[in-house]
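The values are calculated or read from the model by the stated rules, or taken from the named source; none is laboratory data. These numbers come from a predicted model, not from an experiment. Backbone-built Cβ (ideal geometry, glycine too); neighbour counts: all protein chains shown.
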Amino acid sequence: MVLFALTIFLSAALLFLVQPMLAKHLLPYFGGGAAVWTACMLFFQTMLLAGYLYAHVICRYLSPLQQRTVHGLLMLLAVMVLSLMVQPDIVAFTTAGPLSGIILFLLLTAGLPYLVLSATGPLLQHWFSGRYIGRSPYRLYALSNIGSLGGLLAYAFILEPWLTLATQRQVWLGGYVIFTLCCLVLALTQLPRLSPAYRAQAVRLGQGMVVHWLLLSASGVVLLLAVTQQLTQNVPPVPFLWVVPLTLYLLSYIIVFNKPGWYQGAIWRYLFALSLAFALMLFYLGGSIDLWSKLVLYLVILFSGCMLCHGELARLKPLPEFLTGFYLILAAGGALGSTAVNLVAPQVFSHYWEFLFVLVLIALLLQWRQPPQPNWHTPLWLLGIGLFAVTAAALQWQFGQHNVYSSRNFYGSLVVRDLQINGQVQRQLIDGTTSHGAQYLDAALAPQAQSYYRQGTGAALALQHFVPASLTRSSSQLQQRHIGLVGLGSGALAAYGTAQHNMVFYEINPAVIKVANDYFSYLASSAAQIDIVQGDARLTLAEQLRHGSQQFDVLVLDAFSSDSIPQHLLTVEAMQLYWQHLQSDGVMAVHVSNNYLDLTGLLRNQAAQLGKQALFIATPAVGVNPAAQWVLITSNRRFSQQAAIQNAVRPWPGALQSEVSWTDQRSNLLQVLK
């Protein structure tokens with residue numbers, strides 16, 4: 001009994017340790033966005049389905065002795081391929097599309113070990129049912145979810161903050177070897193006590209019940225991924241923010257399968273109904289809500305929805321002899337939900353509509369296969385669903401009537417809208433929930449950069465007032481400027497380009513390039529020579545360095561997606577790469593305007609480590625133009641001592657904290673939260 005429990009707990013913990021660990025490892029290579037995590041979830045849910053299918057097939061058709069032989073060989077084979085996880089080479093996979101590259105990398109490096117771990121839960125529960133006749137294996141299912149929760153929390157609070165990625169992989173590999181030994185001991189000592197004729201039974205239920213299980217499982221996963229997407233639009237998609245929603249998702253499974261009495265459907269229905277109002281408020285007015293309130297409300301929505309989905313699954317679960325088939329259907333639902341979010345939704349929706357759609361689906365599923373209810377209950381519930389849908393449609397019309405373009409892809413959602421401002425039409429680019437550039441359509445005003453890039457902001461000062469540190473350059477070199485810009489947005493900074501400027505934009509999102517060219521005129525009207533390089537800026541710059549430094553005079557870093565920043569662009573190693581591409585007297589301008597993060601301390605420390613001077617440029621809001629904050633980093637005193645620069649410098653917003661630093665191996669988001 002103890003060995004069953006220990007092995008299941010360990011396998012579940014390893015399953016959920018490896019998910020954020022590998023996703024964090026992949027972030028820098030695929031843009032650092034929230035979609036990296038949802039793509040990983042698609043792989044993990046699909047492999048979970050494969051593992052459950054494997055477990056169901058061998059339990060259904062093989063004798064215990066045959067099961068032991070097959071599973072033992074598969075475990076040994078998985079141990080043999082573990083070396084692929086020690087020093088995984090990711091760069092080769094980045095040439096494919098981001099989604100296919102992520103899936104292929106995970107399949108080749110972790111596919112077989114993950115399959116074995118996935119199969120362990122249902123396989124051992126089946127063996128337990130044959131070994132201890134009459135005892136429910138569903139307590140072991142709850143224990144596996146506790147192990148999963150333990151693995152997640154261990155990663156978020158122990159492994160990620162304190163260990164490098166390389167050490168994390170070594171810890172996980174050691175745990176996997178221990179797990180394999182436990183499985184082998186269990187197979188040798190417990191399986192011989194099973195009846196040779198003991199088999200799993202096929203699920204003989206109506207198609208309606210199977211579809212109900214499938215949709216309940218899929219809805220829980222869609223809600224999990226949709227909430228995670230919403231949270232990480234404005235905060236970097238770090239493992240900590242993946243772990244919190246996933247923790248509540250698992251906790252709901254633990255509660256309903258271990259303590260079924262705690263699932264009181266009426267109470268959770270009321271909370272879920274209240275959550276529908278929260279969802280509309282967050283979806284349409286989330287930009288005006290502070291981070292912590294937003295986090296709490298999203299988690300209430302997630303937990304109430306998951307308690308209902310998983311509570312219904314627990315209420316409708318079959319007898320133990322059908323458990324592998326039941327788990328197979330749950331895994332199929334998880335894979336279906338991940339597929340819907342990763343493959344279907346980006347093709348069908350131009351925004352993250354699955355968040356609202358899945359709430360409606362859950363509400364409808366709650367009316368299926370329910371115990372007898374009062375006559376008024378169903379009409380009232382359906383009326384509430386209809387009211388939610390009508391309100392969402394009305395809000396969408398109100399907020400979307402000025403949209404002229406919208407799109408969504410792996411990297412996020414974009415909206416272009418035209419608004420009347422002081423009698424003039426201003427076109428705005430919205431990435432997620434945040435403005436990433438604006439331009440007046442009037443011909444006289446169109447050439448003037450707006451928003452965070454207007455006259456007097458840090459980027460404008462760097463581009464307009466850069467001067468070499470000495471006069472050793474030739475007369476032509478003194479006038480010429482080679483400028484790199486990480487992040488394109490609307491292309492507003494091209495407005496500062498002159499005939500002597502060569503401006504190279506690095507942009508990972510092809511949709512942004514399309515919008516900047518088709519809906520804004522900054523690029524077309526610039527006097528500078530404009531080049532746009534599509535791809536992750538850090539990977540591209542690293543590749544370019546192999547052929548020589550770009551020798552930029554100014555490098556502008558403005559690679560936000562909504563209010564979220566790709567962490568891999570702000571590590572010490574990234575800064576060292578940038579300065580290898582800058583002239584020794586160059587200037588780096590970093591955009592730090594953010595509703596939720598204070599990046600100034602991080603950049604001050606990194607500048608100090610590089611022996612550079614950091615200047616804080618804060619431009620107050622004027623009319624519709626928001627407050628803009630930039631950090632300029634340079635060792636060029638001739639540039640920084642100019643009156644225009646000195647007049648714009650402001651005191652740092654906080655005291656210097658020397659411990660705030662990010663590296664490729666270790667970064668802590670909590671250090672920079674406001």
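Quick grid of which residues meet (1) of a type in the set (Val, Ile, Thr); (2) at pLDDT 85 or above:
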position	(1), (2)
45	no, yes
65	no, no
82	no, no
89	no, no
95	yes, no
115	no, yes
TODO: Kindly establish whether residue 316 is over 23 Å from residue 241 (Cα atoms) and out of contact with any Asp or Glu (no Cβ under 9 Å at 6 or more places or on another chain).
DONE: yes
Open item on the list: Which pairs turn up if I take residues in the stretch 656-667 that are assigned by TED's automatic domain parsing to the domain that holds residue 609 and assigned to a loop (DSSP other than H, G, I, E, B) and look for partners that are among the hydroxyl-bearing types (Ser, Thr, Tyr) and surrounded by fewer than 16 Cβ atoms within 10 Å (Cβ to Cβ) with beta carbon separation below 8 Å, at least 6 apart in sequence or on another chain?
Closed with: 665/164; 666/164
Task: Residue in the stretch 391-409 that is of a type in the set (A, V, I, L, M, F, W, C), surrounded by 20 or more Cβ atoms within 10 Å (Cβ to Cβ) and either at pLDDT below 90 or not assigned by TED's automatic domain parsing to the domain that holds residue 355 (or both) present - done: no
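Looking at 235, 171, which is the one that is touching a strand residue (DSSP E or B) at 6+ places or on another chain (Cβ under 7 Å) and either farther than 30 Å from residue 58 by Cα or modelled with pLDDT of 90 or more (or both)? Step through it out loud before you land on a result.
On the way: 171 fails: touching a strand residue (DSSP E or B) at 6+ places or on another chain (Cβ under 7 Å).
It is 235.
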Open item on the list: Which numbered condition in (1) at pLDDT 65 or above; (2) not in a helix (DSSP H, G or I) is the only one that residue 204 fails?
Closed with: (1)
TODO: Taking residue 287 as the residue in question, decide whether it is of a type in the set (Gly, Ala, Ser), farther than 17 Å from residue 304 by Cα and either crowded, with 21+ Cβ neighbours inside 10 Å or in contact (Cβ under 8 Å) with a residue 24 or more places away in the chain (or both).
DONE: yes
TODO: Would you be able to say whether some residue in the stretch 347-355 is in contact with a helix residue (DSSP H, G or I) (Cβ under 8 Å, 6 or more places away or on another chain) and either surrounded by fewer than 13 Cβ atoms within 10 Å (Cβ to Cβ) or part of a helix (DSSP H, G or I) (or both)?
DONE: yes
Task: Leading residue by the ranking (surrounded by the fewest Cβ atoms within 10 Å (Cβ to Cβ)) among those in the stretch 290-345 that are outside any helix (DSSP H, G or I) and of a type in the set (D, E, K, R) - done: 290
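Yes/no matrix, rows are residues, columns are (1) touching a residue at least 24 places away in the same chain (Cβ under 8 Å); (2) touching a Leu at 6+ places or on another chain (Cβ under 8 Å):
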| residue | (1), (2) |
| --- | --- |
| 379 | no, no |
| 385 | yes, yes |
| 416 | yes, yes |
| 420 | no, no |
| 425 | no, yes |
| 450 | yes, no |
| 470 | yes, no |
